[in-house]
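The values are calculated or read from the model by the stated rules, or taken from the named source; none is laboratory data. What you see is a predicted model, and the numbers here were worked out from it, not measured in a lab. Positions of Cβ are backbone-derived with ideal geometry, glycine not excepted, and every protein chain shown enters the neighbour counts.
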Ligand SMILES: C[S@@+](CC[C@H](N)C(=O)[O-])C[C@H]1O[C@@H](n2cnc3c(N)ncnc32)[C@H](O)[C@@H]1O
């Protein structure tokens with residue numbers, strides 16, 4: 001029996017599809033014509049369907065790959081999170097984000113991200129000789145904008161931070177949280193999927209945390225393409241990793257600390273999380289030479305764009 005890892009089979013599929021389709025798709029983006037983002041998203045969705053079919057229907061696939069497919073098929077869901085319904089009452093959305101902020105602190109999410117992001121910010125700051133303009137897309141209650149602002153002061157690396165979120169009430173929640181100690185962080189309503197109001201290269205770096213799994217595959221690539229366009233040097237995105245054990249851990253552990261709405265959304269997040277091969281495919285359709293790696297213990301980091 002072949003000892004090829006399931007991740008290797010999918011990674012090879014992702015690589016061959018991105019070499020085949022990447023140049024044409026990036027040409028659509030580069031054209032900047034009206035409707036090009038929609039055409040790009042549709043084309044990515046088609047390629048994604050082919051990728052999924054090929055992964056499932058592969059003949060003589062190694063046993064590990066077939067078992068992964070079985071687990072993948074049983075856990076994947078199309079159910080929406082409460083955070084994704086525009087009709088979700090404002091206080092429910094605010095409470096979920098508040099609990100996510102608590103969970104982030106408990107799981108030391110910001111220090112984990114800053115261990116990878118910090119050296120890049122330091123390098124960038126040295127290279128450009130002015131405050132680094134950072135846009136956080138999907139900033140939620142602003143917990144990471146606050147962490148970046150503290151990091152910036154502690155490390156003497158000047159940053160100009162903007163946080164953006166789709167929902168005006170969420171932006172207000174972040175503004176209220178940051179007003180006292182981080183009033184210099186700008187907060188705006190920004191749609192990750194359509195940043196037409198933002199000029200190309202307006203920021204040095206676009207970051208996006210724990211948000212990609214909210215989007216269908218075509219939209220993930222679209223968000224990456226938009227992030228690459230508005231940032232001079234590229235994007236840095238972190239999302240929940242697709243790890244089988246995470247579902248069990250979350251199902252058993254989270255209800256001890258959090259309410260039903262948060263647990264509902266957290267379990268769906270884990271089921272919707274993309275694998276590293278998935279993200280490699282989507283990122284390489286949107287940008288040149290992306291890099292994808294595990295950010296231990298429970299996240300995946302995707303970087304793309306001109307290079308940071
Ligand atoms: C799971 S929360 C993550 C919040 C924050 N990044 C964190 O890690 O604590 C996902 C966030 O993405 C936002 N969001 C969803 N769709 C969006 C879009 N199209 N554009 C911008 N933000 C979006 C939601 O409102 C929510 O605040």
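Has region 90-103 got at least one residue that is in contact (Cβ under 8 Å) with a residue 24 or more places away in the chain, under 30 Å from residue 296 (Cβ atoms) and more than 16 Å from the ligand (Cβ to nearest atom)?
No, the conditions are met nowhere in region 90-103.
What pairs come up if the first residue lies in region 1-23 and is modelled with pLDDT under 95, the second is part of a loop (DSSP other than H, G, I, E, B) and surrounded by 15 or more Cβ atoms within 10 Å (Cβ to Cβ), and their beta carbons are under 6 Å apart, counting only those six or more places apart or on different chains?
Between residues of region 1-23 that are modelled with pLDDT under 95 and residues that are part of a loop (DSSP other than H, G, I, E, B) and surrounded by 15 or more Cβ atoms within 10 Å (Cβ to Cβ), the close pairs are 2/62; 4/62.
Please verify whether residue 120 is exposed (fewer than 15 other Cβ atoms within 10 Å of the Cβ) and either farther than 18 Å from residue 238 by Cβ or under 21 Å from the mean Cα position of the chain (by Cα) (or both), treating the condition exactly as stated. It would help to see each step written out before you state the result.
On the way: exposed (fewer than 15 other Cβ atoms within 10 Å of the Cβ): no; either farther than 18 Å from residue 238 by Cβ or under 21 Å from the mean Cα position of the chain (by Cα) (or both): yes.
Criteria not met by residue 120.
Quick check on region 136-156. Is at least one of its residues more than 19 Å from residue 101 (Cα to Cα) and crowded, with 19+ Cβ neighbours inside 10 Å? Write out each step before concluding.
Here is the first cut: in region 136-156, the residues more than 19 Å from residue 101 (Cα to Cα) are 152-156.
Narrowing further to those that are crowded, with 19+ Cβ neighbours inside 10 Å: 152.
The answer is yes; a qualifying residue exists.
Would you check if residue 17 is more than 16 Å from the ligand (Cβ to nearest atom) and assigned to a helix (DSSP H, G or I)?
Considered against the rule, which asks whether it is more than 16 Å from the ligand (Cβ to nearest atom) and assigned to a helix (DSSP H, G or I), residue 17 comes out as yes.
Hey, can you tell me all the residues within region 238-252 that are within 20 Å of residue 144 (Cβ to Cβ) and touching a helix residue (DSSP H, G or I) at 6+ places or on another chain (Cβ under 6 Å)? Working first, answer last.
Pass one, region 238-252, residues within 20 Å of residue 144 (Cβ to Cβ): 238-241.
Result: 238, 239, 240.
Residue under question is residue 252, and the condition is that it be in contact with a strand residue (DSSP E or B) (Cβ under 6 Å, 6 or more places away or on another chain) and modelled with pLDDT under 95; does it hold? Walk me through how you get there before you give the answer.
Values: in contact with a strand residue (DSSP E or B) (Cβ under 6 Å, 6 or more places away or on another chain): no; modelled with pLDDT under 95: yes.
No.
Of the residues in region 121-148, how many are more than 21 Å from residue 198 (Cβ to Cβ) and in contact with a strand residue (DSSP E or B) (Cβ under 8 Å, 6 or more places away or on another chain)? Steps first, answer last, please.
Looking only at region 121-148, we keep the residues that are more than 21 Å from residue 198 (Cβ to Cβ), and these are 122-123, 125-127, 129, 141, 143, 146-147.
Add one more test, that the residue is in contact with a strand residue (DSSP E or B) (Cβ under 8 Å, 6 or more places away or on another chain), and what stays is 125.
The qualifying residues number 1.
With the condition kept exactly as written, say whether any residue in region 53-60 is in contact (Cβ under 8 Å) with a residue 60 or more places away in the chain and surrounded by 15 or more Cβ atoms within 10 Å (Cβ to Cβ).
The answer is no; no qualifying residue exists.
Hey, residue 87 hits all of (1) closer than 14 Å to residue 144 by Cβ; (2) without any contact (Cβ under 8 Å) to a residue 60 or more places away in the chain; (3) more than 11 Å from the ligand (Cβ to nearest atom) but one; which does it fall short on?
Condition not satisfied by residue 87: (1).
Can you spot a residue in region 253-269 that is buried (at least 17 other Cβ atoms within 10 Å of the Cβ) and within 17 Å of residue 287 (Cβ to Cβ)? Working first, answer last.
As a first pass, look at region 253-269 and keep what is buried (at least 17 other Cβ atoms within 10 Å of the Cβ): 254, 258, 261-269.
Cutting the leftovers down to within 17 Å of residue 287 (Cβ to Cβ) gives us none.
There is no residue in region 253-269 that is buried (at least 17 other Cβ atoms within 10 Å of the Cβ) and within 17 Å of residue 287 (Cβ to Cβ).
Out of all the residues in region 175-226, which are touching a strand residue (DSSP E or B) at 6+ places or on another chain (Cβ under 6 Å), over 24 Å from residue 300 (Cβ atoms) and within 11 Å of the ligand (Cβ to nearest atom)?
188
Buried (at least 23 other Cβ atoms within 10 Å of the Cβ) and under 30 Å from residue 49 (Cα atoms), is that true of residue 221? Give the steps one after another, and end with the answer.
Values: buried (at least 23 other Cβ atoms within 10 Å of the Cβ): yes; under 30 Å from residue 49 (Cα atoms): yes.
Yes, satisfied.
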